[in-house]
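Following: one structure in structure tokens, then a few remarks.
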Amino acid sequence: QQPVQSPQAVILREGEDAVINCSSSKALYSVHWYRQKHGEAPVFLMILLKGGEQKGHDKISASFNEKKQQSSLYLTASQLSYSGTYFCGTGEIKAAGNKLTFGGGTRVLVKP
Amino acid sequence: DAGITQSPRHKVTETGTPVTLRCHQTENHRYMYWYRQDPGHGLRLIHYSYGVKDTDKGEVSDGYSVSRSKTEDFLLTLESATSSQTSVYFCANGQSHSGTIYFGEGSWLTVV
């Protein structure tokens, strides 16, 4: 069962903030965030491991609440380059082979 | 960087014909994966490998087989292509059990 991402789409003006959520019904070991531009491969942004840590990459940060099996991706002071589809991939505690299950994606459009 | 080369990048084939997609890595990573991406479904795991000749099924494995005779190569075969297998296929690799995975550039397959 794939994790659920919300919202499905968001439109921002340059400089605005947004939050993307990823929720799973399974016990998670890790959450991985990717961004994909149209016609290109998903690009790795960051990984969060169980422990409730928060990470940042430029003005994009994320948190992982292992008790709730939820992760949130924060886009701060968005730039035009942030446009794309964001996917969370979840790694389950009991899964073998480091398989990731991906959410359906959140489409982000940043306008000037 | 995944260090992955996928071939062919684009292919049109007829229903009922066999098709093989090749994934070649230069990174010598232990884990390799095949995902397919379709509108509304995100990325779904077809098969994965955790070593030479060690493979296992993902969530959408019906109609697909894989082989890994060398660390660097992971082949995906559609035994008898169907229109429902029209999709974008991404190969990915990963180094450790709990680390993230990196995607290749994708192979666009159209079955007519």
Considering each residue of the range B:4-23, count those that are of a type in the set (Gly, Ala, Ser) and within 15 Å of residue B:63 (Cα to Cα), and give that number.
-> 1
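Residues that are of a type in the set (Asp, Glu) and within 12 Å of the chain's Cα centre (by Cα): does the range B:53-70 have at least one?
Within the range B:53-70, not a single residue is of a type in the set (Asp, Glu) and within 12 Å of the chain's Cα centre (by Cα).
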Residue within the range B:49-65 that is away from chain A (no Cβ under 14 Å), modelled with pLDDT of 95 or more and assigned to a strand (DSSP E or B) present | yes
Restricting attention to the range A:1-25, which residues are over 25 Å from residue A:110 (Cα atoms) and within 13 Å of chain B (Cβ to nearest Cβ)?
-> A:1, A:2
Given (1) without any contact (Cβ under 8 Å) to a residue 24 or more places away in the chain; (2) within 14 Å of chain A (Cβ to nearest Cβ), number of the condition residue B:32 does not satisfy = (1)
Find all pairs meeting these conditions: Cβ atoms under 7 angstrom apart; at least six residues apart or on different chains; first residue within the range B:87-112 and more than 9 Å from chain A (Cβ to nearest Cβ) and in contact (Cβ under 8 Å) with a residue 12 or more places away in the chain; second residue assigned to a loop (DSSP other than H, G, I, E, B) and hydrophobic (A, V, I, L, M, F, W, C).
-> B:93/B:2; B:111/B:81
Does at least one position in the range B:67-80 carry a residue that is closer than 20 Å to residue B:9 by Cα and within 12 Å of another protein chain (Cβ to nearest Cβ)?
-> no
State yes or no: is residue A:48 closer than 12 Å to residue A:72 by Cβ and either crowded, with 17+ Cβ neighbours inside 10 Å or touching a residue at least 60 places away in the same chain (Cβ under 8 Å) (or both)?
-> yes
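Please go through the range B:66-89 and give me each residue that is not hydrophobic (A, V, I, L, M, F, W, C) and not in a strand (DSSP E or B), ordered by number. Full working, then the answer.
So the first thing to find is which residues in the range B:66-89 are not hydrophobic (A, V, I, L, M, F, W, C), and the list is B:67-73, B:77, B:79-80, B:82-87, B:89.
Of everything in the range B:66-89, those that are not hydrophobic (A, V, I, L, M, F, W, C) and not in a strand (DSSP E or B) turn out to be B:71, B:72, B:79, B:80, B:82, B:83, B:84, B:85, B:86.
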If you check residue B:42 against the conditions, is it facing chain A (nearest Cβ under 9 Å), touching a residue at least 12 places away in the same chain (Cβ under 8 Å) and closer than 23 Å to residue A:44 by Cβ?
-> no
From A:68, A:37, grab the single residue that is modelled with pLDDT of 85 or more, surrounded by fewer than 19 Cβ atoms within 10 Å (Cβ to Cβ) and away from chain B (no Cβ under 13 Å).
-> A:68
Kindly indicate whether any position in the range A:64-80 is touching a residue at least 40 places away in the same chain (Cβ under 8 Å) and at positive phi.
-> yes
Looking only at residues in the range A:75-106 that are crowded, with 16+ Cβ neighbours inside 10 Å and charged (D, E, K, R), which one is modelled with the highest pLDDT?
-> A:99
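The values are calculated or read from the model by the stated rules, or taken from the named source; none is laboratory data. The shown structure was predicted, so the numbers you read here are calculated from the model rather than taken from an experiment. Using ideal geometry, Cβ is built from the backbone for each residue, glycine included, and neighbour counts are taken over all protein chains shown.
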